[in-house]
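Read the structure below first, then the notes.
The values are calculated or read from the model by the stated rules, or taken from the named source; none is laboratory data. Treat the numbers as computed from the prediction; the structure is a model and nothing was measured. For neighbour counting, all protein chains shown are included, and Cβ atoms are generated from backbone atoms with ideal geometry for every residue, glycine included.
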Amino acid sequence: MLVVDNLTFAYPGQPQYCFSLQASPGKVTAISGISGSGKSTLLDLVAGFQRPQSGVLSVDETDLLPLRPEARPVSLLLQSDNLFDHLSAAENTALGLPKGTGKIAGKQLVSAALAEVGLAGFEDKPAATLSGGQKQRVALARTLLRNRAVLLLDEPFSALDDETRRTIRDLVGELTRQHGWHTLLVSHHGDDIVALAHKHYLLNEGRLERA
């Protein structure tokens, strides 16, 4: 279980946020709210990019607060795929490999991850030549190789056309179930929340409420 309990944070001169939620493994927990309500701030706190004033943040009873961002079992998927256009699909995916992975083993793991997201045979394709949906699949393949317990999604489907968004959305849901991720989805799209979320929180005036 991912537990956020009275996690407080305030930007200088701004009202205080206080976040509390629980997210189960293998399920998607959605967070919605108006712009500026603190959705991305919550993800930044979970990822370790911001430090809270107080509260509890743990996953499977492991305290995440003392850990630096790179040491947390957290992956982040944004609206932008964050790929390097001059690298191939395989090279971009390989950025998720654990340090010390051998060349042969790494190549096999990369190919398996690309196949799992529906991109078998795309290893040598330059990222610059891929469609938006294919780029998000590569970003998901990289997430697979990181093999981290928590997946944070910050409007990851917004730049995609409707058909591609549904396809990638379904893939995220399936991968979450298969790998037991604790997935937090920030989205303004009600259809994404209805299709994916097992639990939905509304962020209002710095507080999370069950929707």
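Worth a mention:
- Hits in the range 1-38 - residues which are under 20 Å from VAL150 (Cα atoms) and of a type in the set (A, V, I, L, M): MET1, LEU2, VAL3, VAL4, LEU7, LEU21, ALA23, VAL28, ALA30, ILE31
- Among the residues here, GLY118 qualifies as touching a Lys or Arg at 6+ places or on another chain (Cβ under 8 Å) and of a type in the set (Gly, Ala, Ser).
- Residue check, LEU83 touching a residue at least 40 places away in the same chain (Cβ under 8 Å), in a loop (DSSP other than H, G, I, E, B), under 26 Å from LEU145 (Cα atoms) and within 19 Å of the chain's Cα centre (by Cα): yes
Residue-by-condition table, conditions (1) of a type in the set (Asp, Glu); (2) touching a strand residue (DSSP E or B) at 6+ places or on another chain (Cβ under 9 Å); (3) surrounded by 14 or more Cβ atoms within 10 Å (Cβ to Cβ); (4) outside any helix (DSSP H, G or I):
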residue	(1), (2), (3), (4)
ASN6	no, yes, no, yes
GLY13	no, no, no, yes
SER20	no, yes, yes, yes
ALA30	no, yes, yes, yes
ILE34	no, yes, no, yes
SER37	no, yes, yes, yes
LEU42	no, yes, yes, no
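- In the range 141-170, residue nearest to LEU76 (Cα to Cα) [restricted to those that are within 15 Å of the chain's Cα centre (by Cα), at pLDDT below 90 and hydrophobic (A, V, I, L, M, F, W, C)]: PHE157
- Annotation note: Cβ proximity below 8 Å between a residue of the range 171-196 that is within 12 Å of THR29 (Cα to Cα) and modelled with pLDDT of 90 or more and a residue that is of a type in the set (Asp, Glu) and assigned to a loop (DSSP other than H, G, I, E, B) (sequence gap 6+ or interchain) occurs for VAL186/GLU155.
- LEU57 aliphatic (A, V, I, L, M), within 27 Å of PHE157 (Cα to Cα) and assigned to a helix (DSSP H, G or I): no
- The range 65-86, subset farther than 19 Å from THR143 by Cα and at pLDDT 95 or above, residue surrounded by the fewest Cβ atoms within 10 Å (Cβ to Cβ): PRO66
- Within the range 92-104, being under 22 Å from the mean Cα position of the chain (by Cα), surrounded by fewer than 20 Cβ atoms within 10 Å (Cβ to Cβ) and either at pLDDT 95 or above or aliphatic (A, V, I, L, M) (or both) holds for LEU95, LEU97.
- Among the residues of the range 105-115, some residue qualifies, meaning at least one is hydroxyl-bearing (Ser, Thr, Tyr), more than 29 Å from ASN6 (Cβ to Cβ) and crowded, with 18+ Cβ neighbours inside 10 Å.
- Hey, ARG148 touching a Pro at 6+ places or on another chain (Cβ under 8 Å), among the basic types (Lys, Arg) and more than 25 Å from ILE34 (Cβ to Cβ) or not: yes
- Scanning the range 156-187 for residues that are under 11 Å from GLY132 (Cα atoms) and of a type in the set (Gly, Ala, Ser), we see that the one that is surrounded by the most Cβ atoms within 10 Å (Cβ to Cβ) is ALA159.
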